[in-house]
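Peer 1: The structure under discussion is supplied below as structure tokens; questions concerning it will follow.
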There are 4 protein chains.
Amino acid sequence: MRKVDVVGVAVLGVGRAGMVHARNFAEHVPEARLAGVYDADRERVDAVASELGTKGYYNIEDLLQDASIDAVVVAAPTFAHKDLVVAAAAAKKAILCEKPLALTPDEAEAMQEAVTAAGVPFVMGFMRRYDENFRRAKEIIARGDIGRPLIIKSTGKGPGLPSRWAWDVKKSNGVLGEVNSHDFDSVHWLMEAEYAWVFARGKNLRSEELKEEFPDFYDNALVMFEMTNGCLGMIDGSCPSEYGYDARIEIQGSEGVLFIGDIARHGLTVCTRSKGVAKDVVDSWRSLFRDAYLKEDRHLVECLVKGVQPQTTLQDGRRALKVVRAANQSIITGKVVSI
Amino acid sequence: MRKVDVVGVAVLGVGRAGMVHARNFAEHVPEARLAGVYDADRERVDAVASELGTKGYYNIEDLLQDASIDAVVVAAPTFAHKDLVVAAAAAKKAILCEKPLALTPDEAEAMQEAVTAAGVPFVMGFMRRYDENFRRAKEIIARGDIGRPLIIKSTGKGPGLPSRWAWDVKKSNGVLGEVNSHDFDSVHWLMEAEYAWVFARGKNLRSEELKEEFPDFYDNALVMFEMTNGCLGMIDGSCPSEYGYDARIEIQGSEGVLFIGDIARHGLTVCTRSKGVAKDVVDSWRSLFRDAYLKEDRHLVECLVKGVQPQTTLQDGRRALKVVRAANQSIITGKVVSI
Amino acid sequence: MRKVDVVGVAVLGVGRAGMVHARNFAEHVPEARLAGVYDADRERVDAVASELGTKGYYNIEDLLQDASIDAVVVAAPTFAHKDLVVAAAAAKKAILCEKPLALTPDEAEAMQEAVTAAGVPFVMGFMRRYDENFRRAKEIIARGDIGRPLIIKSTGKGPGLPSRWAWDVKKSNGVLGEVNSHDFDSVHWLMEAEYAWVFARGKNLRSEELKEEFPDFYDNALVMFEMTNGCLGMIDGSCPSEYGYDARIEIQGSEGVLFIGDIARHGLTVCTRSKGVAKDVVDSWRSLFRDAYLKEDRHLVECLVKGVQPQTTLQDGRRALKVVRAANQSIITGKVVSI
Amino acid sequence: MRKVDVVGVAVLGVGRAGMVHARNFAEHVPEARLAGVYDADRERVDAVASELGTKGYYNIEDLLQDASIDAVVVAAPTFAHKDLVVAAAAAKKAILCEKPLALTPDEAEAMQEAVTAAGVPFVMGFMRRYDENFRRAKEIIARGDIGRPLIIKSTGKGPGLPSRWAWDVKKSNGVLGEVNSHDFDSVHWLMEAEYAWVFARGKNLRSEELKEEFPDFYDNALVMFEMTNGCLGMIDGSCPSEYGYDARIEIQGSEGVLFIGDIARHGLTVCTRSKGVAKDVVDSWRSLFRDAYLKEDRHLVECLVKGVQPQTTLQDGRRALKVVRAANQSIITGKVVSI
């Protein structure tokens, strides 16, 4: 047994995404340790601190004063992102912020200012960019294997109704914000282009019980858009999707077509009379992007320790936010929205 | 050897689609024989008549006066459909008309009147409805396996630039008419609903050389729409697509998701270091829908001989035409078009 | 309506395979008609004759005297093949004989003599050779895409216990004869080589109730072999297989590997929480090889009318019989059997 | 930054497999650190020590005297396993030994005695047992989803000619030992049964240049066997296989069939005219079993620190060795070998 130096990372908000990061830093990142967790829910703090053998914090100020904490992951609900990021920046902590960045451009602006002023590393939580298949896809496109991209279609669906606070689209930016921010970012990243305009429709097709109280709520959405490189594109989102998690992209190029992702888990096929030839569906972003989250978390440490530039930036988060809000505006007005 | 009675079928227009029908009646439909071919190109008439051992006609009147011809397949360019169908109806021939039905609502109206007046069977050439996978998909949806349909996406792409006459979108209805009529019909048929509105964009992304003379020409198009059952949907078309023929539909339901079609041919996989794990791409609608065309052609005979009602009607052709034109109008105006 | 000349074909034995041929000639082969059916079961004769609108025969002599019958398909149980083929040859009918050819080398010898003496066309019912995927596979191998073949593995499984008469392996040659004759033939055809030796094991793993009366019966078998071109190979058979019909071949070459066939039906995928990502299993050789049977049946007519040489010969049937019997001998003796 | 206690692990033999372990302990196992490397090749020692920032040892005795080294991974050529394991055990180091365990039963016996005497944890390097798909497959079988296993087929192929020392089968146990040890272990583990007999053939089909000097060398092998639970089975091995790494298992059960593994990498499909619909082939066991190796390495630490029982044991290694040698004996004698 020997002693080695490791970075201390705290996780702010230990819901589903927060727990992915917390477990990574507790068990899978050799160069770091989980140094603390904070959540608005005190029972949750106690349970997680106990389970993962780390320190639990009931208020964020105490946590940020802990000098053994070098970095924080912001995984609280979106409406809490701005305050947490601004406070963490002020405390000179390196920051990984889950998507979506924020609810409004004003919040995003405040976060940008705080981070810039503090000079701390900021990693935007677009984990798909760290996924091996997404990276290989970007290489294949850049290499010209499918020629010039002409049409891109991105599908993002997940099981489970969003949290209650997210049902009010005016506050939360809705499913397009909470789920499809990833699609908006991936399309930009793969195309290496900006959005020119969007046209979107969202409908509440499955959640009858929310219609009265949340008339704007939609559980299914289609977004059409054009990129500045001339590409046309489409994003469809569906949440909850009963069958599992679904993240696929299809890119029509002038010389071929590229498909990223598969709805089925890989490596096992069972054939029986009653079920036919069946593979398990991808059940969660947690399993599909497990390695990507780990790489993202290690990238945070790398940015902090080695001073490398973040691969996913606050600016990336702002771009996605802008397009999401434009799409929501299109849903409300029924018109094309320029960006 | 014995003699059996068979129906005489002539094919009007023996280009690519016409040849599929001509070969079917010459070689694959036991209850019929190929009784003649007509084409505006006289050399083509001679070549095909010789190849398939049938009678060639240089003008349509002669053909329609041949009493041994019981039915005709109209497979000429779209702009010729109306005159051919009206003449064939007047001559009391049963009719199978290739898609798209016509170029304008007026033409379609005239065709409807002629067919109704003549009382002849009319089969609209939406062969996908005769395809086994499309039929099974419709059954699966009707059975409720994927719950209530929420979002439908249909992809229709084909290799080969359209014929010159089709470059002028005002005359031809463009790629959406010539290629994606199938998608518009399939979506309607699978959803058992009508179109409420469409929003579309078409762009000339690959055919630089056509831009000056045909400024409206588009080789790639995206169409978003809503159905009267509340479903949202999307159609993407690309023609020419370099890699092959691509007809796929994805239907998101409240309980699951259904995929029709595959870009790869079935049944053979070759793995080598240089090509990886590869299947042949579906190269043509001729191979993908071979059985569907044969069933469609036999259905024509069945309608004629047994008096059964056509499964694909002139009205189906009119519906698709209406939506295609609305989508083209949306491309031109940049606005949502109600239907 | 016109009259055209068609060949008269009778089907001898209208069980499962016989009905495939009978329906083909009744409905799908333009150049032929179903001219009669015979079966040892008189009720079956009446039912099929009525269903397919053809003449039923209670004894074979009457059928063979019908001059309007030009060809016969022998699809009776294997033990009846020899007598039927010899009689049909004597009556100068063209013959398509279902696999396996016969039960013993002596029977096969007698059939060969009768056919040779009569000079009638004889098509051996190895329908896989007429299947598009098998043909493309043979071309790919011949073209050298996977280099020199090194190892070949062929899987042949089918649902449904064999008929009672087939339970006595000494009489029937067992599952290897009734089911895996196809595999033995395909391997020979694809490799373009003969069998050098076989080593086989068969076990009754599922049919406890047959063990006492039929101690030799096996429902699962593995056969290892070497070809004269140096290739090693393996065939596995399982009948009944509960889940469906399964015919796949895998060929390891010096430069790559080739897979023929797939356990799943093509073109539709349904994803739901309860079943995962599922395709229908191939349920029967009737659906998988529908086109192959049709081509085989048309080939019979072609051999008769145009005098082309059969692509699958009586000699092919004898070769497969020889290897099947050697494999059964290996199962009994536990030893390698040279061929 | 804080200091945490970590286990010191040294890797003995830093060829291909050794480097997988070395990198894991250097970069991916939070609870351990790479504490040293040894190799018979001194230049290799220097290069790896430099690259991974660890201590290099030219002789094994020095390494084993280093008290900061708590465990060793034995990844040297098979002929060196016995001496290294015996020495490491004597030095009270925990041991992970790569497959195959040893060359002879005598060596295995000596290793067993040394490990038992020392009382150190010993993890046998059958990493497939730590792979998620293999584990899920075992659960699916145990749950009865495919009924009772009847036939099992395991394919193990890899690119790259084995090292020169392995060309003499008498010394190395050949490809069956070096490559297919994994298959022999997986079959035993999944079936939960022992081998009753084996029958095998191996042929030199690709390595003409080795025939004179190494007449026993085979690059392709087929093994047939029966398990004590009545199952029949087959293993095919091919090395080098030009196209990539191939590890697949197919299990025919009384109620269904299960497939483990896929020759293609998951998650990306590219379709172009020249290559068709293509996925990358799995290029190496390093990528396919990356997670499995990591879990195996963490399991070693867990056995050492927490005292849990190894999931893969020296006894597992001995069983595989026994069957491999029986199969080689069958290749030489041409006869079935009982076990």
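The values are calculated or read from the model by the stated rules, or taken from the named source; none is laboratory data. Keep in mind the model is a prediction, meaning the values are calculated, not measured. Please note: Cβ atoms are built from the backbone with ideal geometry, for glycine as well, and neighbour counts cover all protein chains shown.
Peer 1: Restricting to region A:170-195, name every residue that is away from chain B (no Cβ under 14 Å), within 13 Å of A:Met234 (Cα to Cα) and among the polar types (S, T, N, Q).
Peer 2: A:Ser186 - this is the single residue of region A:170-195 that is away from chain B (no Cβ under 14 Å), within 13 Å of A:Met234 (Cα to Cα) and among the polar types (S, T, N, Q).
Peer 1: State whether one or more residues within region D:163-181 are buried (at least 18 other Cβ atoms within 10 Å of the Cβ), part of a loop (DSSP other than H, G, I, E, B) and in contact with a Lys or Arg (Cβ under 8 Å, 6 or more places away or on another chain).
Peer 2: Here is the first cut: in region D:163-181, the ones buried (at least 18 other Cβ atoms within 10 Å of the Cβ) are D:166-167, D:169, D:172-181.
Then keep just the ones that are part of a loop (DSSP other than H, G, I, E, B); that gives D:173, D:179-180.
If we keep only those that are in contact with a Lys or Arg (Cβ under 8 Å, 6 or more places away or on another chain) as well, we get D:173, D:179.
Yes; the residues of region D:163-181 include at least one that is buried (at least 18 other Cβ atoms within 10 Å of the Cβ), part of a loop (DSSP other than H, G, I, E, B) and in contact with a Lys or Arg (Cβ under 8 Å, 6 or more places away or on another chain).
Peer 1: Does region B:279-287 contain at least one residue that is within 30 Å of A:Lys335 (Cβ to Cβ) and touching a Leu at 6+ places or on another chain (Cβ under 7 Å)?
Peer 2: Taking region B:279-287 and keeping what is within 30 Å of A:Lys335 (Cβ to Cβ), we get none.
No, that holds for no residue.
Peer 1: Can you give me the number of residues within region D:1-25 that are in a strand (DSSP E or B) and free of Cβ contacts under 8 Å to residues at least 40 places away in the same chain?
Peer 2: If we filter region D:1-25 for residues that are in a strand (DSSP E or B), which is where we start, we get D:2-12.
Subsequent filtering for residues that are free of Cβ contacts under 8 Å to residues at least 40 places away in the same chain retains D:2-6.
Residues flagged as in a strand (DSSP E or B) and free of Cβ contacts under 8 Å to residues at least 40 places away in the same chain within region D:1-25 amount to 5.
Peer 1: From the list D:Pro149, D:Pro159, which residue is buried (at least 21 other Cβ atoms within 10 Å of the Cβ), more than 21 Å from D:Met124 (Cβ to Cβ) and touching a residue at least 12 places away in the same chain (Cβ under 8 Å)? Write out each step before concluding.
Peer 2: Values: D:Pro159 fails: buried (at least 21 other Cβ atoms within 10 Å of the Cβ).
The conditions single out D:Pro149.
Peer 1: Filter region D:226-266 down to the residues that are of a type in the set (Phe, Trp, Tyr) and in contact (Cβ under 8 Å) with a residue 60 or more places away in the chain, then identify the one that is surrounded by the most Cβ atoms within 10 Å (Cβ to Cβ). Walk me through it before giving the result.
Peer 2: First pass over region D:226-266, keeping only residues of a type in the set (Phe, Trp, Tyr): D:243, D:245, D:259.
Going one step further and asking which of them are in contact (Cβ under 8 Å) with a residue 60 or more places away in the chain, we end up with D:243, D:245.
On the way: D:Tyr243: 27, D:Tyr245: 20.
Result: D:Tyr243.
Peer 1: Determine, yes or no, whether C:Gly307 is on the phi > 0 side of the Ramachandran plot and more than 7 Å from every other protein chain (Cβ to nearest Cβ).
Peer 2: Numbers: on the phi > 0 side of the Ramachandran plot: yes; more than 7 Å from every other protein chain (Cβ to nearest Cβ): yes.
Yes.
Peer 1: Another one. Considering only helices (runs of 4 or more DSSP H) fully contained in region D:26-93, which possess at least 2 residues that are basic (Lys, Arg) and out of contact with any strand residue (DSSP E or B) (no Cβ under 6 Å at 6 or more places or on another chain)?
Peer 2: Details: elements: D:42-52, D:60-65, D:81-90.
Passing ranges, in order: D:42-52.
Peer 1: A further question on this structure: Might you let me know whether region A:62-79 holds any residue that is within 20 Å of the chain's Cα centre (by Cα), away from chain D (no Cβ under 14 Å) and farther than 23 Å from A:Arg129 by Cα? First the steps, then the outcome.
Peer 2: Step one: filter region A:62-79 for residues within 20 Å of the chain's Cα centre (by Cα), giving A:71-79.
Now drop any that are not away from chain D (no Cβ under 14 Å), which leaves A:72-79.
Next, only the ones that are farther than 23 Å from A:Arg129 by Cα stay: A:79.
Among the residues of region A:62-79, at least one is within 20 Å of the chain's Cα centre (by Cα), away from chain D (no Cβ under 14 Å) and farther than 23 Å from A:Arg129 by Cα, which makes the answer yes.
Peer 1: Okay, next question. Is there a residue being farther than 27 Å from D:Gly156 by Cβ, in contact with a Leu (Cβ under 8 Å, 6 or more places away or on another chain) and surrounded by 21 or more Cβ atoms within 10 Å (Cβ to Cβ) anywhere in region D:81-92?
Peer 2: Taking every residue of region D:81-92 in turn, at least one turns out to be farther than 27 Å from D:Gly156 by Cβ, in contact with a Leu (Cβ under 8 Å, 6 or more places away or on another chain) and surrounded by 21 or more Cβ atoms within 10 Å (Cβ to Cβ).
Peer 1: While we're on this one: Taking into account only those residues within region A:1-36 that are of a type in the set (Lys, Arg) and under 23 Å from the mean Cα position of the chain (by Cα), which is farthest from the other protein chains (Cβ to nearest Cβ)?
Peer 2: From region A:1-36, those of a type in the set (Lys, Arg) are A:2-3, A:16, A:23, A:33; that's our starting set.
Okay, now just the ones that are also under 23 Å from the mean Cα position of the chain (by Cα), so A:16, A:23, A:33.
Numbers: A:Arg16: 19, A:Arg23: 12, A:Arg33: 6 Å.
Filtering first and then ranking leaves A:Arg16.
Peer 1: Touching a residue at least 12 places away in the same chain (Cβ under 8 Å), surrounded by 18 or more Cβ atoms within 10 Å (Cβ to Cβ) and in a strand (DSSP E or B) - does that describe any residue in region C:106-116? Break it down stepwise before answering.
Peer 2: Residues of region C:106-116 that are touching a residue at least 12 places away in the same chain (Cβ under 8 Å), as a first pass: C:107-108, C:110-112, C:114-115.
After this cut, where a residue has to be surrounded by 18 or more Cβ atoms within 10 Å (Cβ to Cβ) as well, the list is C:107-108, C:111-112, C:114-115.
This time we only want the ones that are in a strand (DSSP E or B), so: none.
No, that holds for no residue.
Peer 1: Give the residue that is nearest to C:Pro162 (Cα to Cα), with candidates limited to residues of region C:215-236 that are facing another protein chain (nearest Cβ under 7 Å) and among the charged types (D, E, K, R). Before the answer, list the steps.
Peer 2: As a first pass, look at region C:215-236 and keep what is facing another protein chain (nearest Cβ under 7 Å): C:220, C:222, C:224, C:226, C:230, C:232, C:234, C:236.
Then keep just the ones that are among the charged types (D, E, K, R); that gives C:226, C:236.
On the way: C:Glu226: 28, C:Asp236: 16 Å.
That would be C:Asp236.
Peer 1: Restricting attention to region A:26-81, which residues are under 30 Å from A:Val175 (Cβ atoms) and aromatic (Phe, Trp, Tyr)?
Peer 2: Result: A:Tyr38, A:Phe79.
Peer 1: Still on this structure: Among the residues of region A:256-272, write down those that are farther than 18 Å from D:Arg135 by Cα and charged (D, E, K, R).
Peer 2: Kept after step one, since they are farther than 18 Å from D:Arg135 by Cα, are these residues of region A:256-272: A:256-263, A:272.
Across region A:256-272, the qualifying residue is only A:Asp262.
Peer 1: So, of the residues in region C:147-169 that are away from chain D (no Cβ under 14 Å), out of contact with any helix residue (DSSP H, G or I) (no Cβ under 7 Å at 6 or more places or on another chain) and of a type outside the set (Ser, Thr, Tyr), which turns out to be farthest from D:Gly156 (Cα to Cα)?
Peer 2: The first filter runs over region C:147-169 and keeps only residues away from chain D (no Cβ under 14 Å), leaving C:160, C:162-169.
Then keep just the ones that are out of contact with any helix residue (DSSP H, G or I) (no Cβ under 7 Å at 6 or more places or on another chain); that gives C:160, C:163-164, C:168.
After this cut, where a residue has to be of a type outside the set (Ser, Thr, Tyr) as well, the list is C:160, C:164, C:168.
Values: C:Gly160: 32, C:Arg164: 39, C:Asp168: 37 Å.
Once the filter is applied, the top-ranked residue is C:Arg164.
Peer 1: Here's something else I'd like to know. If A:Arg128 satisfies every condition in (1) in contact (Cβ under 8 Å) with a residue 40 or more places away in the chain; (2) of a type outside the set (Asp, Glu); (3) outside any helix (DSSP H, G or I) but one, which is the exception?
Peer 2: (3)
Peer 1: Here are some conditions: (1) out of contact with any Lys or Arg (no Cβ under 9 Å at 6 or more places or on another chain); (2) surrounded by 20 or more Cβ atoms within 10 Å (Cβ to Cβ). A:Tyr293 meets all but one. Which one does it not meet?
Peer 2: (1)
Peer 1: Give the number of residues within region B:39-79 that are buried (at least 18 other Cβ atoms within 10 Å of the Cβ) and either of a type in the set (S, T, N, Q) or out of contact with any helix residue (DSSP H, G or I) (no Cβ under 8 Å at 6 or more places or on another chain) (or both).
Peer 2: Residues flagged as buried (at least 18 other Cβ atoms within 10 Å of the Cβ) and either of a type in the set (S, T, N, Q) or out of contact with any helix residue (DSSP H, G or I) (no Cβ under 8 Å at 6 or more places or on another chain) (or both) within region B:39-79 amount to 6.
Peer 1: Pick from region C:134-146 the residues that are buried (at least 22 other Cβ atoms within 10 Å of the Cβ) and assigned to a helix (DSSP H, G or I): which of them is nearest to the other protein chains (Cβ to nearest Cβ)? Walk me through how you get there before you give the answer.
Peer 2: Of the residues in region C:134-146, the ones buried (at least 22 other Cβ atoms within 10 Å of the Cβ) are C:134, C:137, C:146.
So of that shortlist, the ones also assigned to a helix (DSSP H, G or I) come out as C:134, C:137.
Details: C:Phe134: 9, C:Ala137: 6 Å.
Looking at residues that are buried (at least 22 other Cβ atoms within 10 Å of the Cβ) and assigned to a helix (DSSP H, G or I), I get C:Ala137.
Peer 1: Can I ask one more? Scan region D:120-128 and give yes if some residue there is within 14 Å of another protein chain (Cβ to nearest Cβ) and at pLDDT 95 or above, otherwise no. Break it down into steps so the answer makes sense when it comes.
Peer 2: Of all residues in region D:120-128, those within 14 Å of another protein chain (Cβ to nearest Cβ) come to D:128.
Then drop every residue that is not at pLDDT 95 or above, which leaves D:128.
Within region D:120-128, one or more residues are within 14 Å of another protein chain (Cβ to nearest Cβ) and at pLDDT 95 or above.
Peer 1: I would also like to ask the following. Give the residues of region B:237-292 that are among the charged types (D, E, K, R) and within 10 Å of chain C (Cβ to nearest Cβ), sorted by residue number.
Peer 2: First, pick out the residues of region B:237-292 that are among the charged types (D, E, K, R): B:242, B:246, B:248, B:250, B:255, B:262, B:265, B:273, B:275, B:279-280, B:283, B:286, B:290-291.
Residues satisfying the conditions are B:Arg248, B:Glu250, B:Glu255, B:Asp262, B:Arg265, B:Arg273, B:Lys275, B:Lys279, B:Asp280, B:Arg290, B:Asp291.
Peer 1: Follow-up. Which members of region B:196-211 meet the condition of being outside any strand (DSSP E or B), at the interface with chain A (Cβ under 7 Å from one of its Cβ atoms) and without any contact (Cβ under 8 Å) to a residue 24 or more places away in the chain? Explain how you work it out, then say what you get.
Peer 2: We begin by selecting, within region B:196-211, every residue outside any strand (DSSP E or B); these are B:204-211.
In the following step, the residues that additionally are at the interface with chain A (Cβ under 7 Å from one of its Cβ atoms) were identified as B:205-206.
Matches in region B:196-211: B:Leu205 only.
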